[in-house]
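To start, the structure itself, in structure tokens.
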Amino acid sequence: QVQLVESGGGLVQAGGSLRLSCAASGGTFSDYAVGWFRQAPGKEREFVAAIRWSVGSTNYADSVKGRFTISRDNVKNAVFLQMNSLKYEDTAVYYCAAGAPLATMRQGAYRTWGQGTQVTVSS
């Protein structure tokens, strides 16, 4: 069974950048999609970005378009989320999820979830 491990979170000032990684162990991402979601304190978990592994097609939430970039590395079997021009409102726990057939924003489509990594943006 594929397990996902996120890394790269931390504390950064507004306007700064972070790069999150999602590594798969015990399997590969195969032909499925991998997504990033986030949950801020007191709020529901929301979609951030997704990529379909085989063709590289991507999907972004409007709130991060132009600032975040999702990518994949076939050799490392990993997915990355490059986050630039970070804002205070980007503060959240970021989760990696895999197993959806397409790069959808629908959380229920993803079968495997990581434990999350904290991103804190100071204003």
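Rolling a 1.4 Å sphere over the protein heavy atoms, what is the accessible area per residue of the chain, to the nearest Å²?
Details: 6300 Å² over 123 residues.
That works out to 51 Å² for each residue.
Suppose each label sits 7 Å from its Cα in the direction of the beta carbon; what would the Glu89-Lys76 distance come out to in nanometres? Calculated label separation equals 3.0 nm. Here's the list of aspartates and glutamates a cross-link from Lys43 could span, going by alpha-carbon distance under 20 Å and ignoring same-chain residues fewer than 8 apart: Asp62, Glu89, Asp90. Averaging the Cα positions of each part gives two centres, and for region 58-123 and region 1-57 these lie 4 Å apart.
Sorted largest first, the spans of the alpha carbon positions of the chain along the three principal axes are 39, 25, 25 Å.
The share of accessible area on the chain that comes from carbon and sulfur is 47 percent, using a 1.4 angstrom probe.
The values are calculated or read from the model by the stated rules, or taken from the named source; none is laboratory data. As the structure is a prediction and not an experimental result, all values here were calculated from the model. Every residue, glycine as well, gets a Cβ built from its backbone with ideal geometry; the counts of neighbours run over all protein chains shown. With ligands, DNA and RNA removed, areas are computed over all heavy atoms of the protein, side chains included. Shrake-Rupley method; radii C 1.70, N 1.55, O 1.52, S 1.80 Å.
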